[in-house]
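Everything on this sheet refers to the single structure shown next.
The values are calculated or read from the model by the stated rules, or taken from the named source; none is laboratory data. Please read all numbers here as calculations on a predicted model, not as lab measurements. Please note: Cβ atoms are built from the backbone with ideal geometry, for glycine as well, and neighbour counts cover all protein chains shown.
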Amino acid sequence: MKILVTGGAGFIGSNFIHYWLKNHPQDKVTNFDKLTYAGNLESLKDLEKNSNYNFIKGDISDPVSVKEAMAGIDIVVNFAAESHVDRSILDPAPFITTNVVGTQILLDAALKNKVRKFHHVSTDEVFGALTLDSKDRFNEETKYSPNSPYAASKAASDHLVRAYFHTFSLPITITNCSNNFGPYQFPEKLISLAITNLLEGKKIPVYGDGLYVRDWLYVEDHCRAIDLVLEKGKIGETYCIGVDNDIPNILIIKKILKTLGFGEEKIEYVKDRPGHDRRYAIDATKIKKDLGWQPKYDFDQALEETVKWYQGNKDWWQKLKDKKFEDYYKRQYVTR
Ligand code: NAD
Ligand code: TYD
């Protein structure tokens with residue numbers, strides 16, 4: 001089987017390629033990635049000599065290179081995206097080009113090449129926000145109500161993927177997943193930023209009151225869920241992935257502080273994110289019941305392992321916090 005993984009040099013994509021070649025060593029994986037600031041081939045260094053892995057530098061919004069990469073492919077797994085909400089607030093345009101136009105170009109090429117399956121990796125952020133006092137959770141029937149430019153661009157991409165199924169019978173599946181954490185995450189998201197800042201002697205910036213809630217999932221559990229959807233998922237269907245692990249940001253930060261032996265003096269409350277979604281939570285009953293998915297990892301244990309990974313892999317992340325990152329950081333973080 002030949003699999004085209006787009007965005008395979010990013011956080012989840014690189015974890016997925018490692019996972020896939022470990023569990024399906026006979027398959028051939030092509031990683032198609034533009035190598036934006038978030039793409040890093042060092043995350044896949046150990047696979048350079050694996051003859052079942054190859055890399056193509058390319059942009060999903062460029063039809064010519066997408067057409068070439070798609071030749072002979074059986075399955076497409078689309079991770080490629082601009083993925084950070086804060087950057088989508090600073091500059092929405094690349095989110096539309098990659099997440100919306102790029103997805104449509106991939107869908108067209110997949111249709112022309114008659115791929116066996118097109119799997120689209122999406123987010124729970126397309127559903128908008130839940131309130132802190134409700135017990136509601138997002139599921140496959142929840143109405144789309146995206147609030148950030150990032151979420152709106154992912155929502156548009158999901159709609160296009162569904163439309164290619166209904167209109168052209170392209171064999172698609174979609175997953176909407178909660179927040180991931182684990183190794184190889186660019187140090188801009190809450191957990192990777194908090195750990196690396198502490199390891200650099202810096203403070204952790206906390207938006208607003210710190211009581212925003214996310215449902216944190218260990219990245220390998222996400223990869224296994226996608227594997228199951230590829231193997232047994234019903235064509236044309238969506239599956240929500242999450243772990244009932246909704247935790248306020250401030251509690252996660254306190255856990256990280258404790259693991260690294262720091263106190264609360266390392267917390268810095270900063271100006272809140274505009275339009276900040278209060279709470280995300282997922283009801284993953286469908287993927288559990290229909291496909292037999294169960295998360296394997298306990299949150300506290302996986303968080304400790306993740307902290308250890310960043311401690312042991314400074315060479316991987318320190319160079320990502322370069323001058324360009326510092327410029328972004330200065331623009332993004334305003335002390336209250
Ligand atoms: P990431 O930002 O770490 O990686 C994105 C990758 O896509 C990078 O390697 C980048 O170089 C590549 N890329 C960007 N634009 C491209 C383009 N035009 N053409 C080709 N490649 C391009 O993102 P991630 O956290 O690994 O997320 C992967 C996918 O999962 C995204 O679609 C995201 O929306 C979705 N998702 C992420 C999370 C999360 O918590 N990180 C949760 C749910 C869903
Ligand atoms: P993030 O990791 O950016 O994921 P998302 O916004 O896609 O859910 O943020 C997770 C939560 O942490 C969110 O409520 C915003 C908050 N946050 C901070 O408080 N400080 C930070 O520096 C970052 C990056 C996020």
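State yes or no: is Asp300 modelled with pLDDT under 95 and of a type outside the set (A, V, I, L, M)? Spelling it out, it is not the case that Asp300 is modelled with pLDDT under 95 and of a type outside the set (A, V, I, L, M).
For the range 161-212, the candidate set comprises residues that are part of a strand (DSSP E or B) and among the β-branched types (Val, Ile, Thr); within that set, the residue that is surrounded by the most Cβ atoms within 10 Å (Cβ to Cβ) is Ile172. Can you find a residue that is free of Cβ contacts under 8 Å to residues at least 60 places away in the same chain and away from ligand 1 (no atom under 12 Å from the Cβ) anywhere in the range 68-77? Yes.
In the range 232-242, which residues are surrounded by fewer than 21 Cβ atoms within 10 Å (Cβ to Cβ) and either part of a helix (DSSP H, G or I) or within 16 Å of ligand 2 (Cβ to nearest atom) (or both)? Answer for the range 232-242, where residues must be surrounded by fewer than 21 Cβ atoms within 10 Å (Cβ to Cβ) and either part of a helix (DSSP H, G or I) or within 16 Å of ligand 2 (Cβ to nearest atom) (or both): just Lys232. Filtering the range 260-271 to residues that are outside any helix (DSSP H, G or I) and under 15 Å from Leu198 (Cβ atoms) leaves Leu260, Gly261, Phe262, Gly263, Ile267, Glu268. Inspection of the range 35-45 finds a residue satisfying the criterion of being crowded, with 18+ Cβ neighbours inside 10 Å and assigned to a helix (DSSP H, G or I). From the list Asn31, Asn54, the one residue that fits, being at pLDDT 95 or above, loosely packed, with under 15 Cβ neighbours inside 10 Å and either in a loop (DSSP other than H, G, I, E, B) or in contact with a strand residue (DSSP E or B) (Cβ under 6 Å, 6 or more places away or on another chain) (or both), is Asn54.
Per-residue answers, yes or no, for (1) of a type outside the set (D, E, K, R); (2) in a helix (DSSP H, G or I); (3) touching a His at 6+ places or on another chain (Cβ under 8 Å); (4) modelled with pLDDT of 95 or more:
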position	(1), (2), (3), (4)
Lys258	no, yes, no, yes
Arg273	no, no, no, yes
His276	yes, no, no, yes
Lys288	no, yes, no, yes
Gln294	yes, no, no, yes
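None of Tyr333, Tyr280 is buried (at least 17 other Cβ atoms within 10 Å of the Cβ), within 12 Å of ligand 2 (Cβ to nearest atom) and over 14 Å from Gly210 (Cβ atoms) except Tyr280. Looking across Gly261, Gly236, one residue alone is small (Gly, Ala, Ser) and out of contact with any helix residue (DSSP H, G or I) (no Cβ under 9 Å at 6 or more places or on another chain). It is Gly261.
From the residues in the range 185-214 that are among the hydroxyl-bearing types (Ser, Thr, Tyr) and under 16 Å from Lys319 (Cβ atoms), which one is nearest to ligand 2 (Cβ to nearest atom)? So, considering only residues that are among the hydroxyl-bearing types (Ser, Thr, Tyr) and under 16 Å from Lys319 (Cβ atoms), the one nearest to ligand 2 (Cβ to nearest atom) is Ser192.
Does Val115 satisfy the criteria of being within 14 Å of ligand 2 (Cβ to nearest atom) and surrounded by 19 or more Cβ atoms within 10 Å (Cβ to Cβ)? When the stated conditions are applied, Val115 does not pass them. The residues of the range 57-67 that are free of Cβ contacts under 8 Å to residues at least 40 places away in the same chain and not in a helix (DSSP H, G or I), listed by number, are Lys57, Gly58. Within the range 315-327, does at least one residue satisfy the condition of being surrounded by fewer than 16 Cβ atoms within 10 Å (Cβ to Cβ) and over 23 Å from the mean Cα position of the chain (by Cα)? Checked against the condition, which is being surrounded by fewer than 16 Cβ atoms within 10 Å (Cβ to Cβ) and over 23 Å from the mean Cα position of the chain (by Cα), the range 315-327 yields at least one hit.
Apart from one condition, Asp62 fits all of (1) within 14 Å of ligand 1 (Cβ to nearest atom); (2) within 21 Å of the chain's Cα centre (by Cα); the exception is (2). Return yes when Pro146 is at pLDDT 95 or above and within 11 Å of ligand 1 (Cβ to nearest atom) and no when it is not. Here the answer is no, as Pro146 does not meet what is asked.
Whenever a residue of the range 139-154 is basic (Lys, Arg), its partners that are within 13 Å of ligand 2 (Cβ to nearest atom), lying with C-beta atoms within less than 8 angstrom and at least six residues away or across chains, give the pairs Lys143/Phe127; Lys154/Ala81; Lys154/Ser122; Lys154/Thr123; Lys154/Glu125; Lys154/Val126; Lys154/Pro146. Against the list (1) more than 30 Å from Val115 (Cβ to Cβ); (2) touching a Gly at 6+ places or on another chain (Cβ under 8 Å), the condition Ile247 fails is (2).
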